[in-house]
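The values are calculated or read from the model by the stated rules, or taken from the named source; none is laboratory data. Values in this document were obtained by computation on a predicted structure and should not be read as measured data. Cβ placement follows ideal geometry from the backbone for every residue including glycine, while neighbour counts extend to all protein chains displayed. Only protein heavy atoms, including side chains, enter the accessible area calculation; ligands, DNA and RNA are left aside. Shrake-Rupley method; radii C 1.70, N 1.55, O 1.52, S 1.80 Å.
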Amino acid sequence: MHIIPSSLDTAGSRFLSGSGGVGAATAPPGASAPTGFLNIDKDTLSSTSGVAYQQTKSTKLQASVSLEKPVSRHFSVHGRGSVSTGKSRYFLPEGVGILVDPMTISFNTTGIEVEAGVSYHAGRKVKSVIELGGGRTFTDTRTTLNSALISLLSKSSDQSDYVYTAIQVGLAVGRARDTTLALRTIAKYYPDLGGSVQTGLVYAF
């Protein structure tokens with residue numbers, strides 16, 4: 001998820017600085033934690049960090065409004081605006097830094113996406129759509145770190161550009177056949193951040 005690097009950077013910085021408010025943390029006594037006490041940064045959950053972790057939850061619910069203009073029998077251009085909410089959770093069985101107690105890191109997000117692209121349509125009863133395009137996402141994230149010694153809550157905001165390709169296959173339902181229940185897989189690439197793949201059910205009308 002593209003929100004992870006900036007969210008972890010914010011959480012780690014607030015812990016080390018001992019800042020109050022939403023970034024407040026409970027930790028061993030002292031005005032601030034020593035460097036290396038909690039090595040949380042943008043790379044903590046990357047494949048090259050050396051930190052052992054497993055993702056235990058990853059869900060997203062999104063509502064979108066699309067405007068589409070056909071340019072030929074099969075091709076069209078479109079714009080889309082979306083709002084979403086998501087949750088993901090990671091379990092670190094060996095902790096991080098010198099804190100070797102098991103730790104849980106959770107992300108709760110709300111976001112807005114705007115995107116534009118071109119799509120190819122095929123089929124009548126069984127409808128297939130292939131899309132290519134790009135967009136920008138704006139996300140607010142609540143990051144929570146919990147272990148036997150640490151309880152940290154941090155808020156951060158992020159905006160990222162991306163390019164995407166999507167494949168959607170579904171059945172036209174209803175008498176007018178303008179309602180579709182489909183399976184949609186979308187692959188997104190965020191420059192300098194990496195990619196993600198999401199699969200979900202789509203109800204379009």
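Tabulated data for the structure shown
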{"item": "For Asp101: the one exception among (1) free of Cβ contacts under 8 Å to residues at least 60 places away in the same chain; (2) touching a Gly at 6+ places or on another chain (Cβ under 7 Å); (3) part of a strand (DSSP E or B)", "result": "(3)"}
{"item": "Single unsatisfied condition, Leu201 versus (1) open to solvent by 40 Å² or more (accessible area, probe 1.4 Å); (2) under 16 Å from Leu132 (Cβ atoms)", "result": "(2)"}
{"item": "Qualifying position, being surrounded by 13 or more Cβ atoms within 10 Å (Cβ to Cβ) and small (Gly, Ala, Ser), among Gly111, Gly123", "result": "Gly111"}
{"item": "Check on Ser82, under 22 Å from Ser196 (Cα atoms) and open to solvent by less than 40 Å² (accessible area, probe 1.4 Å)", "result": "yes"}
{"item": "Lone qualifier among Arg124, Arg142, Arg184 - being of a type in the set (Lys, Arg) and within 13 Å of the chain's Cα centre (by Cα)", "result": "Arg142"}
{"item": "Segments classed as strands (runs of 3 or more DSSP E), wholly inside region 130-205, with at least 2 members that are small (Gly, Ala, Ser) and in contact with a Pro (Cβ under 8 Å, 6 or more places away or on another chain)", "result": "none"}
{"item": "Residue match in region 58-77 (condition: open to solvent by less than 50 Å² (accessible area, probe 1.4 Å), at pLDDT 80 or above and assigned to a strand (DSSP E or B))", "result": "yes"}
{"item": "Test: residue in region 143-157 that is within 20 Å of Gly81 (Cα to Cα) and surrounded by 19 or more Cβ atoms within 10 Å (Cβ to Cβ)", "result": "no"}
{"item": "Qualifying position, being at pLDDT 95 or above, open to solvent by less than 50 Å² (accessible area, probe 1.4 Å) and aromatic (Phe, Trp, Tyr), among Tyr162, Tyr190", "result": "Tyr162"}
{"item": "Unmet criterion (only one of (1) open to solvent by 40 Å² or more (accessible area, probe 1.4 Å); (2) out of contact with any Leu (no Cβ under 9 Å at 6 or more places or on another chain)) for Thr137", "result": "(1)"}
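Residue by residue, here is whether (1) at pLDDT 95 or above; (2) hydrophobic (A, V, I, L, M, F, W, C); (3) under 19 Å from Asp41 (Cβ atoms); (4) in contact with a strand residue (DSSP E or B) (Cβ under 7 Å, 6 or more places away or on another chain) holds:
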site	(1), (2), (3), (4)
Ser82	yes, no, no, yes
Glu94	no, no, yes, no
Glu115	yes, no, no, yes
Lys125	no, no, no, yes
Ser128	no, no, no, yes
Glu131	yes, no, no, yes
Gly134	yes, no, no, yes
